[in-house]
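Visitor: Pasting in a structure now, in structure tokens, and then I'll have a few things to ask.
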Amino acid sequence: MKRALFLLSLAFILAAVAHAETGVKKKRALPHEYGRVILNNSSEKAGLAPVVFDHWLHRAKYTCRLCHVDVGFAMKAGTTGIKASDNFNGYYCGACHNGKTIADGNTVFKACAKTPGNEEKNRCQRCHSLGRNVKPQYDFQAYTGKFPKERFGNGIDWEKAERDKLIQPSNYLEGVSFKRQPLTAQKDFALNPKLEGMPDIIFSHKKHTVWNGCELCHPEIFVGVKKGATRYTMIDLFDGKYCGACHITVAFPMLDCQRCHSKQVQ
Amino acid sequence: MKNRRTFAFLLAVAIVIFSGGRWMENPVHAGLDPVFAQEDWKNEFEDVCSKTQDAMTLGSAELNDLIARCDKLKPLIERLDETQKKVYLKRLGMCRDLYVFVKESKEKK
């Protein structure tokens with residue numbers, strides 16, 4: 001009886017551990033996976049693997065504003081409604097992936113084809129690669145080896161990488177972007193957290209507008225006009241609202257509390 | 001009399017040629033179209049939406065003018081092909097919404 005009870009308890013514990021391994025707990029993305037977006041509105045319907053888009057390489061070369069304002073990509077995966085014909089006609093991915101644009105001294109491959117033959121199918125797999133053993137052209141470790149490191153996300157301090165001129169993201173695409181005057185930066189300001197003793201958040205407009213401009217955040221992400229009128233909660237942020245629109249997906253994740261809660265407590 | 005008829009006929013032909021036949025394609029809108037040729041809407045779009053960087057320095061009158069110009073552009077963009085319509089409506093929406101946002105923020109200060 002005691003032995004049966006022991007074996008039953010052991011079986012229960014093992015089952016609980018096995019469930020914990022494969023349950024609902026989210027696995028933290030590896031550095032090269034952080035910022036990965038899977039696009040599958042119509043890929044599988046067309047007989048292709050879903051598209052795997054890694055933000056890390058593109059953000060090293062282009063500002064967020066260029067893609068999400070000028071080119072027109074939506075901020076939420078799957079909501080842009082990209083079709084192969086859009087890419088083929090020079091829009092969305094096809095704005096750069098047109099077989100003509102030069103990046104890093106190389107010609108950027110053309111996205112999509114009207115009637116893909118065997119040669120084009122190999123090119124299709126460069127993007128339609130989920131579940132396929134496709135070796136990317138750029139290796140994350142090799143590309144970011146000399147970049148300054150940080151704890152979370154891609155493990156790269158992208159802001160410092162730009163300050164140190166290791167990356168110089170372009171904010172202009174010929175035929176797509178407008179020639180603009182340099183942005184007059186707004187002042188930094190402090191946000192007081194609800195939790196007493198928690199350091200104030202110092203929000204830097206300058207840091208954000210360098211990569212985002214104004215229209216990326218206002219009013220789609222930050223609707224409130226008057227400072228203090230909108231109450232931000234960490235639950236909202238971790239749900240992908242406000243700061244969480246970027247800071248759980250592509251920009252440094254909110255696990256790194258001190259990056260925002262940076263004003264010293266008096 | 002005959003000369004007058006001939007003159008009137010030639011005048012009508014000249015009007016048709018110089019209007020590009022647009023009144024025949026869309027008689028309802030021919031006389032009401034804004035003065036935008038095929039690619040002029042792009043120049044107007046660029047002129048309107050290139051000012052987003054300066055939005056905070058613009059006055060209410062200028063912002064109102066930009067918003068009105070965005071509203072005028074919208075029906076033109078809606079007549080484009082599916083892809084262009086999708087791309088440019090989104091871009092126009094973003095720049096218009098920013099101007100409205102900045103205008104409201106100035107009014108509520």
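Visitor: Starting from the Cα gyration tensor of region A:101-144, take the square roots of the eigenvalues, sort them a ≥ b ≥ c, and report rounded, prolate or oblate (rounded when a/c is under 1.5, otherwise prolate if a/b is larger than b/c, else oblate). It would help to have the intermediate numbers written out before the result.
Guide: Details: a/c = 3.17, a/b = 1.32, b/c = 2.40.
Oblate is the answer for region A:101-144, as a/c is 1.5 or above yet b/c matches or exceeds a/b.
Visitor: Can you tell which of A:Gly240, A:Gly175, A:Gly213 shows the greatest fluctuation in a Gaussian network model of chain A with Cα springs below 10 Å?
Guide: Evaluated over chain A, the most mobile residue of the options is A:Gly175.
Visitor: Length gain on complete extension for the stretch B:Glu39 to B:Asn3, per 0.36 nm per residue less the alpha carbon to alpha carbon distance? Write out the running numbers ahead of the final one.
Guide: Working: separation 36, 0.36 × 36 = 12.96 nm, distance 3.99 nm.
My answer for the length gained is 9.0 nm.
Visitor: Something else about it: So if I place +1 on the C-beta of Lys and Arg and -1 on the C-beta of Asp and Glu, and nothing else carries charge, what would the dipole magnitude of chain A be about its Cα centre? I want it in debye, nearest 20. Don't skip to the answer; put the middle values down first.
Guide: Numbers: 39 positive and 24 negative charges, 56 e Å.
Approximately 280 debye in magnitude.
Visitor: For a paramagnetic label modelled at 7 Å from the Cα of B:Thr57 toward its Cβ, which residues of region A:161-181 fall within the zone defined by backbone nitrogen distances under 19 Å?
Guide: Within reach of a label on B:Thr57: A:178-181.
Visitor: Would you mind getting me the FRET efficiency between A:Asn40 and A:Lys2? Use the beta-carbon distance for r and R0 = 41 Å, nearest 0.05. Working shown, then result.
Guide: Values: r = 53 Å, r/R0 = 1.30.
Efficiency, from the Cβ-Cβ distance: 0.15.
Visitor: Hand me the tally of lysine pairs in region A:36-143: alpha carbons under 20 angstrom apart, and the pair either on different chains or 8 or more positions apart.
Guide: 14
Visitor: Quick check on chain A: take the gyration tensor over C-alpha atoms, sort the square-rooted eigenvalues as a ≥ b ≥ c, and tell me if it's rounded (a/c under 1.5), prolate or oblate. Don't skip to the answer; put the middle values down first.
Guide: Numbers: a/c = 1.95, a/b = 1.10, b/c = 1.77.
The shape class here is oblate.
Visitor: Cβ under 13 Å from A:Ala111's Cβ, A:Ala111 left aside: what net charge do those residues give with Lys, Arg +1 and Asp, Glu -1? Before the final figure, lay out each step's value.
Guide: Working: positive: A:Lys83, A:Lys100, A:Lys110, A:Lys114, A:Arg123, A:Arg126; negative: A:Asp86, A:Glu120.
That works out to +4.
Visitor: Pick out, from A:Asn87, A:Ile38, A:His55, the residue whose Cα sits farthest towards the positive end of the charge dipole of chain A, with +1 on the Cβ of Lys and Arg and -1 on the Cβ of Asp and Glu.
Guide: Result: A:Ile38, furthest along the dipole toward the positive end.
Visitor: How much net charge surrounds A:Ser129 when only the other residues with a Cβ under 14 Å from the Cβ of A:Ser129 are counted, with Lys and Arg +1 and Asp and Glu -1? Kindly include the intermediate steps, with their values, before the conclusion.
Guide: Numbers: positive: A:Arg36, A:Lys121, A:Arg123, A:Arg126, A:Arg132, A:Lys135; negative: A:Glu33, A:Glu44, A:Asp54.
Result for the local shell: +3.
Visitor: Averaging sequence separations of C-alpha pairs under 8 Å and six or more residues apart, then dividing by the length of region A:36-143, give the relative contact order as a whole percent.
Guide: 25 percent
Visitor: Moving on. Where is the GNM fluctuation largest for chain A (alpha-carbon springs, 10 angstrom cutoff): A:Phe178, A:Phe12, A:Phe53?
Guide: A:Phe12
Visitor: Further, regarding this structure: Just add up the charged neighbours of A:Phe73: K/R +1, D/E -1, any other residue whose Cβ is under 12 Å from the Cβ of A:Phe73.
Guide: Details: positive: A:Arg65, A:Lys76, B:Lys86, B:Lys90, B:Arg91; negative: A:Asp70, A:Asp86.
Local charge sum for A:Phe73: +3.
Visitor: Suppose R0 equals 25 Å; then what is the FRET efficiency for A:Asp239 and A:Thr79 from their Cβ-Cβ distance, rounded to the nearest 0.05?
Guide: Calculated value: 0.95.
Visitor: Springs between alpha-carbon atoms under 10 Å, Gaussian network over chain A: tell me which of A:Pro193, A:Pro182, A:Pro253 tops the mean-square fluctuations.
Guide: A:Pro182
Visitor: Which loop trypsin sites (Lys or Arg not before Pro) in region A:187-222, with loop taken from DSSP, have no more than 15 other Cβ atoms within 10 angstrom of their Cβ? Display every interim value, and only then the final one.
Guide: Values: sites: A:Lys187, A:Lys194, A:Lys206, A:Lys207; in loops: A:Lys187, A:Lys194.
Taking region A:187-222 and a limit of 15 other Cβ atoms within 10 Å, the loop trypsin sites (Lys or Arg not before Pro) found are A:Lys187, A:Lys194.
Visitor: In what order do A:Lys149, A:Lys135, B:Lys106 fall by count of nearby beta-carbon atoms within 10 Å, going from fewest to most? The partial results should precede the final answer.
Guide: Numbers: A:Lys149 12, A:Lys135 7, B:Lys106 15.
Ranked by crowding around the Cβ, least crowded first: A:Lys135, A:Lys149, B:Lys106.
Visitor: Classify region A:36-143 as rounded, prolate or oblate from the Cα gyration tensor: take a ≥ b ≥ c as the square roots of its eigenvalues, call it rounded if a/c is under 1.5, otherwise prolate when a/b beats b/c and oblate if not. Let's see the in-between values first.
Guide: Details: a/c = 1.25, a/b = 1.12, b/c = 1.12.
It is rounded, given that a/c, with a ≥ b ≥ c, falls under 1.5.
Visitor: Continuing with the same structure: Let me check against my output: what whole-number percent is the relative contact order of chain A, with C-alpha pairs under 8 Å and at least 6 apart?
Guide: On the way: 297 pairs, mean separation 49.3, N = 266.
Once divided by the residue count of chain A, the mean separation gives 19 percent.
Bear in mind that the values in this text are calculations on the coordinates, not laboratory data. If you're wondering where the values come from, they're calculated on a predicted model, not measured in any experiment. FYI the Cβ positions are ideal-geometry reconstructions off the backbone, even for glycines, and counts take in every protein chain you see.
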